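Remarks on the structure that follows.
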Amino acid sequence: MPNYPYKISSKLPDVKTTIFTTVGFMAKKYNAINLSQGFPNFEPDQRLLDLVSKALNEGHNQYAHMAGLPELREIIAGKISALHKRQYDPESEITITIGASQAIFTAITAFVGNSDEVIVFKPAYDCYEPAIEVNGGIPVYVQLNDDDLRINWEDFRSKISPRTRMVIINTPHNPSGTILFKEDMLELEKSLKDTNIVVVSDEVYEHIIFDGNEHESASRFDDLASRSFICASFGKTFHVTGWKVGYCAAPAELMHEFRKTHQFNVFCVDHPVQHALAAYLQDPAHYLGLSQFYQVKRDLFLSALKESRFSIVPSRGTYFQLLGYSNITDENDVEFAKRLIIEHKLASIPISVFNLGARDNKVLRFCFAKTKETLEKATEILLKL
């Protein structure tokens, strides 16, 4: 093909190939054990697969309801009520989405316009900022503390301005594996009181939280709930990231605006999968047992690394674990991550790419949503460093 003859005015001129694509390509090229990207390497529950097959064969193969299968929305409302004591109307306050990323993008698109400011906590998952920028918004950053990766709330309050339209939070937090505690949510609630600021609460790892801690959903707090979009993922919960199905819950007034964008963007979500999920969610054990399931994997991973040279603070949630490597090398984290792949056949994610100003704290992120055999092979490599 000849060179494209027209000038392109990009809405995202600074977006480059993501670190996930780069590392994934390298892991495949060098045949490395892949603990980088956040997806399990084991199969989901066969019962869930059978339910999808059943729905397909029963003829649920045309468009679903724009907002999602009513039975699925009803059971989600019941789940939120049971766990967080907040009642959402399934008809007007819950929408099924193509994963949490689409929910987040849609909420941002519905509310953020030219020159609106959106506060983002860094390190941050990499889908937030492009969604803000493509809608003409301006990301405003708050870097988490270096020592404990918690929020400096005075710093946060100093970033609020008359142009602040939205705040994005993420708990349990990717990439750090930290969580927001009740006192954090109360600080956020206090900081936003008497403002018109909307909150997008990314809660995709809501059911993966460790050591007896609780998931403090934004839906638990009256003022936060009144201004928040709760975004969640069935893909993360049920080991089916490729299905791209999630949900969003918000007060009716906010959801009304959300659905305006949702309707003309994706319209509706995979119909047979929604039927399967509605049936599968009838048994709360399918998600209430997830924390213990992943804590076994986290503890296996960390126990094997007790004699390693890495510095370790156990993950409090998600299926990610940070490992500090300053006792091993002075290399920057991107170069060390690449060398781990090429020389040691193990893939991870460098954290600097998520930080403000690409701050390099000599930390790599490893995904432990893997089989026992994979984790044992990975820790053997890490112990030799």
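The values are calculated or read from the model by the stated rules, or taken from the named source; none is laboratory data. Note that the structure is a prediction, hence the values are computed from the model and not measured. So basically every Cβ, Gly included, is an ideal-geometry build from the backbone, and we count neighbours across all protein chains shown.
Would a scan of the range 89-100 turn up a residue that is within 20 Å of V240 (Cβ to Cβ) and either among the aromatic types (F, W, Y) or part of a loop (DSSP other than H, G, I, E, B) (or both)? Scanning the range 89-100 turns up at least one residue that is within 20 Å of V240 (Cβ to Cβ) and either among the aromatic types (F, W, Y) or part of a loop (DSSP other than H, G, I, E, B) (or both).
The requirement of being surrounded by 16 or more Cβ atoms within 10 Å (Cβ to Cβ) and farther than 23 Å from A250 by Cβ is not satisfied by V118. Of the residues making up the range 300-315, those that are surrounded by 14 or more Cβ atoms within 10 Å (Cβ to Cβ) and either more than 22 Å from N361 (Cα to Cα) or not assigned by TED's automatic domain parsing to the domain that holds A347 (or both) are L300, A304. Filtering the range 127-171 to residues that are part of a strand (DSSP E or B) and basic (K, R) leaves only R165. Condition check for D45 on (1) crowded, with 16+ Cβ neighbours inside 10 Å; (2) under 15 Å from A279 (Cβ atoms); (3) within 22 Å of the chain's Cα centre (by Cα): one failure, at (1).
Looking across the range 193-243, the residues that are under 28 Å from P44 (Cβ atoms) and either among the aliphatic types (A, V, I, L, M) or not assigned by TED's automatic domain parsing to the domain that holds P123 (or both) come down to V200, V204, I208, I209, A218, I230, A232, V240.
Can we say K297 is more than 18 Å from E214 (Cα to Cα), free of Cβ contacts under 8 Å to residues at least 24 places away in the same chain and assigned by TED's automatic domain parsing to the domain that holds K370?
Here the answer is no, as K297 does not meet what is asked.
The condition (being surrounded by fewer than 17 Cβ atoms within 10 Å (Cβ to Cβ) and touching a residue at least 60 places away in the same chain (Cβ under 8 Å)) is satisfied by just one residue among T371, T379, T318, T329: T371.
Counting just the residues of the range 172-207 that are of a type in the set (D, E) and in a loop (DSSP other than H, G, I, E, B), which one comes out farthest from S315 (Cα to Cα)? If we take residues in the range 172-207 being of a type in the set (D, E) and in a loop (DSSP other than H, G, I, E, B), then D194 is farthest from S315 (Cα to Cα). You will find that of A67, A55, the residue that is touching a Ser or Thr at 6+ places or on another chain (Cβ under 7 Å) and surrounded by 14 or more Cβ atoms within 10 Å (Cβ to Cβ) is A67 and no other. Remark: pairs (first residue in the range 70-85, in the same structural domain as S217 (by TED's automatic domain parsing); second residue crowded, with 20+ Cβ neighbours inside 10 Å and acidic (D, E); Cβ separation under 6 Å; 6+ apart in sequence or on different chains) are absent. Against the conditions (1) acidic (D, E); (2) under 22 Å from the mean Cα position of the chain (by Cα); (3) modelled with pLDDT of 95 or more, D126 satisfies every one except (3). Taken together, the residues in the range 336-359 that are over 21 Å from G38 (Cβ atoms) and not in a helix (DSSP H, G or I) amount to 1.
Every residue, every condition in (1) aromatic (F, W, Y); (2) under 30 Å from A279 (Cβ atoms); (3) not assigned by TED's automatic domain parsing to the domain that holds Y319, yes or no:
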residue	(1), (2), (3)
P13	no, no, yes
F39	yes, yes, no
A55	no, yes, yes
H65	no, yes, yes
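Hey, which of the helices (runs of 4 or more DSSP H) in the range 240-329, taking only ones fully inside, have at least 3 residues that are charged (D, E, K, R)?
Counting at least 3 such residues, we get 252-265, 290-304.
Quick check on A107: is it assigned to a helix (DSSP H, G or I) and in the same structural domain as D148 (by TED's automatic domain parsing)? Yes, satisfied.
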